[in-house]
Amino acid sequence: MKVLLLDLQPDQYPLEGYRKKQLLSWVFEQAAPDFDSMTNLPLKLRAELQEHYELSPFTQVDTFPSTDGSVKYLFTLRDGRQMEAVFMPYEDRKTICVSTMVGCPAKCAFCATGALGFGRNLTPGEIIGQILYAARDQGIPPKEIRNLVFMGMGEPLLNYDNTMNAARIMLSPEALNMSQRRVTLSTVGLAKGIRKLATEDIELKLAISLHAPDEETRQRIIPTGQANSIPEIMDAARDYQAKTGRRITMEYAMLRGVNDHLWQADLLADLLKGMISHVNLIPMNPWDGSGFEETPEVQIQAFYDRLEERGIPVSVRRSRGRDAGAACGQLALKKPSLSSSV
Ligand code: SF4
């Protein structure tokens, strides 16, 4: 049976010595699309690798370029299921947002991915493959992508082992050599998972999709909130911060008339008192059938100002690629695009 080479940690690679170094370089430094292109490996070795290993987890990739320079990718996996990633070039850095699942079981009410339901967990190779494909498509070495967020389809803490294995490949000096300060795991707020993450020997940045500071609103929009009360989440976040010393980001999708009242800004400020945190206000990217509307600009500003007055660091994060398939999960519902087989 063929094994996806990208699923393996560097210390599990099937060669030793300088041949292993060459192979790792082809995979992670040059994002080689296939074994044939590894021209400094003997033909016989390439044929053996070909026989036992698969390099690409995708059968097709649809590309959705945006006018803001970001590119969304819709990946078709070997079992025909689909998931997405977004490449975002900024002036001073290149960032990628990757998926950890096909669909998502968390079913957040405002999220297109949640509306798709849960397909399956992605393997480490399917997660890493998103980075390598984007780098190849952009014509850059994968190591130029220095920032990564686990913020695409899926709840990473519910695909815990595969997400951690992928993170180890990202951080490994022999593979992608990313800095753990630049890899952010975004969770819907699963207290147990956050506590488990705090026991790891790697320290990723943590973002929590709080989206509401009061239980009633939160449980209305985030079903997993029923099993994870706000105090439980905040306790776990404080413990994570005590262990890692890292600032925690609170993600807050602005939903008109739902979670954008000023009393909610005050409640959010109360929750974050004494914590090293940053709030990201995210104007909702509306999609057909969501049942939610975008908060008007003037109300976003008022919410922002109230948090700032209360001493809470805050920014407004506009979604990149709004014109190119919009928010996470929407591409899997509809396309057309630029398409290529891989
Ligand atoms: S917001 Fe995140 S956790 Fe919630 S359904 Fe969407 S992908 Fe899943």
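Structure notes:
- Enumerated strands (runs of 3 or more DSSP E) restricted to segment 76-146, each holding at least 1 residues that are over 18 Å from GLN60 (Cβ atoms) and within 16 Å of the ligand (Cβ to nearest atom): 94-98, 101-103, 118-121
- Residues of segment 210-226 satisfying the condition of being within 15 Å of the ligand (Cβ to nearest atom) and outside any helix (DSSP H, G or I): LEU210, HIS211, ALA212, ILE222
- Among the residues listed as SER209, SER172, the single one being under 15 Å from the mean Cα position of the chain (by Cα) and of a type in the set (Gly, Ala, Ser): SER209
- Total residues in segment 300-320, condition within 24 Å of ALA112 (Cα to Cα) and either more than 16 Å from the ligand (Cβ to nearest atom) or modelled with pLDDT of 85 or more (or both): 6
- Leading residue by the ranking (farthest from THR187 (Cα to Cα)) among those in segment 242-277 that are aliphatic (A, V, I, L, M) and in contact with a strand residue (DSSP E or B) (Cβ under 6 Å, 6 or more places away or on another chain): MET254
- Check on PRO10, over 21 Å from TYR73 (Cα atoms), outside the structural domain of ASP161 (by TED's automatic domain parsing) and over 25 Å from the mean Cα position of the chain (by Cα): no
The values are calculated or read from the model by the stated rules, or taken from the named source; none is laboratory data. What you see is a predicted model, and the numbers here were worked out from it, not measured in a lab. Methodologically, a virtual Cβ is constructed for each residue, glycine included, from the backbone with ideal geometry; neighbour enumeration extends over all protein chains shown.
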